[in-house]
1. May I ask you to list the residues in the range 224-265 that are closer than 16 Å to Ala171 by Cα, touching a Ser or Thr at 6+ places or on another chain (Cβ under 8 Å) and without any contact (Cβ under 8 Å) to a residue 60 or more places away in the chain?
2. Out of (1) without any contact (Cβ under 8 Å) to a residue 40 or more places away in the chain; (2) out of contact with any Leu (no Cβ under 9 Å at 6 or more places or on another chain); (3) assigned to a helix (DSSP H, G or I), what's the single condition that is false for Asp20?
3. Can you tell me which residue among Val26, Val83, Val66 is crowded, with 18+ Cβ neighbours inside 10 Å, free of Cβ contacts under 8 Å to residues at least 24 places away in the same chain and either outside the structural domain of Ala204 (by TED's automatic domain parsing) or in a loop (DSSP other than H, G, I, E, B) (or both)?
4. Tell me which residues, restricted to the range 193-223, are in contact (Cβ under 8 Å) with a residue 40 or more places away in the chain and outside any strand (DSSP E or B).
5. Starting from residues that are in a helix (DSSP H, G or I) and more than 9 Å from the chain's Cα centre (by Cα), keep the ones in the range 115-147 and report whichever is surrounded by the most Cβ atoms within 10 Å (Cβ to Cβ).
6. Can Ser61 be described as part of a helix (DSSP H, G or I) and either at pLDDT 95 or above or within 17 Å of Ala183 (Cα to Cα) (or both)?
Amino acid sequence: MYRFNYQKAASVAEAASLLDGAEDGVYLAGGMTLIPTLKARLASPTDVIDLGAIDGMADISVGDTVRIGALARHAEVAASAAVRGAIPALADLAGLIGDAHVRNRGTLGGSVANSDPAADYPAAVLALNAVVHTDRRAIAADDFFKGLFQTALEPGEIVKSLAFRIPRRAAYAKFPNPASRYAIVGVMVADFGAAEVRVGVTGAGACAFRSAELERALAGGLAAEALADVTIPYDGFNSDIHASAEYRGHLVAVMARRAVAAAIS
């Protein structure tokens, strides 16, 4: 790990100011990606600005949407009675992330802002049609994920919270890597009624995406048999030692069927 200046911000405005004054600064939320990156000497920022002490950034509230602060830990989302009462599938998803150590340090905002291709939360952001609220603007889910570790966030922009739409029913299913618990493929299905079904997929491509094929098949209503003949095109899917692109395409359909079965059970 290279030497850097460590600074703890007391507010979003102070964090932005500290970043502006740094030669090459980065924000620290839970550190689940940043700290290993620094330890491996894959990055050498001059300043690390810790967001963890900012008040109100981990709050959870339920109204017309489920609003979760960017610094809410995965374990807090999983254990939240408010989240479980409004969107049980979101609490279930949070409980499947990594292991206990990751769930008690990793944050919602850090995961979403990182856009790791195998992270779980991005599937929920898309399926639940979330709005990402930053210190500058509100970004719709469909406009947020741009590519491998790429999002619509501008340099220095801070995710403050996410507002998730509340569906009639939803479920998440994933095929995890047995060691890391990252999603080799994960699929969230959300039914909002009035023939509106959204399907978010993670693990398969360079970043999370919605599946048009699955959404069309489910537009008439949630039913596992509606997906029996759906074929997922896998051109451009990830292919590595864990799964080929073709196998990931197969898994998308399988996880979708499992998610539908869980949602309607």
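The values are calculated or read from the model by the stated rules, or taken from the named source; none is laboratory data. Small disclaimer: the values here were computed from a predicted structure and weren't measured. A quick note on method: Cβ atoms are made from the backbone with ideal geometry, for glycine too, and the neighbour counts reach across all protein chains shown.
1. Selection gives Ala253 alone.
2. Checking Asp20 against (1) without any contact (Cβ under 8 Å) to a residue 40 or more places away in the chain; (2) out of contact with any Leu (no Cβ under 9 Å at 6 or more places or on another chain); (3) assigned to a helix (DSSP H, G or I), the one that fails is (1).
3. Exactly one of Val26, Val83, Val66 is crowded, with 18+ Cβ neighbours inside 10 Å, free of Cβ contacts under 8 Å to residues at least 24 places away in the same chain and either outside the structural domain of Ala204 (by TED's automatic domain parsing) or in a loop (DSSP other than H, G, I, E, B) (or both), namely Val83.
4. Within the range 193-223, the first condition is being in contact (Cβ under 8 Å) with a residue 40 or more places away in the chain, and the residues that meet it are 198-211, 214, 218, 222-223.
Result: Gly203, Ala204, Gly205, Ala206, Cys207, Ala208, Ser211, Leu214, Leu218, Leu222, Ala223.
5. Let us first name the residues in the range 115-147 that are in a helix (DSSP H, G or I), namely 121-127, 141-143.
Going one step further and asking which of them are more than 9 Å from the chain's Cα centre (by Cα), we end up with 127, 141-143.
On the way: Ala127: 35, Ala141: 24, Asp142: 13, Asp143: 11.
Filtering first and then ranking leaves Ala127.
6. Working: part of a helix (DSSP H, G or I): no; either at pLDDT 95 or above or within 17 Å of Ala183 (Cα to Cα) (or both): yes.
Criteria not met by Ser61.
Yes/no per residue for (1) of a type in the set (Ser, Thr, Tyr); (2) in contact with a Ser or Thr (Cβ under 8 Å, 6 or more places away or on another chain):
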site: Gly63; (1), (2): no, no
site: Ala72; (1), (2): no, yes
site: Ile87; (1), (2): no, no
site: Ala119; (1), (2): no, yes
site: Thr134; (1), (2): yes, no
site: Phe164; (1), (2): no, yes
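Residue-wise test of (1) closer than 21 Å to Gly200 by Cβ; (2) surrounded by fewer than 18 Cβ atoms within 10 Å (Cβ to Cβ).
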| site | (1), (2) |
| --- | --- |
| Gly52 | no, yes |
| Ala78 | yes, no |
| Pro88 | yes, yes |
| Leu93 | yes, no |
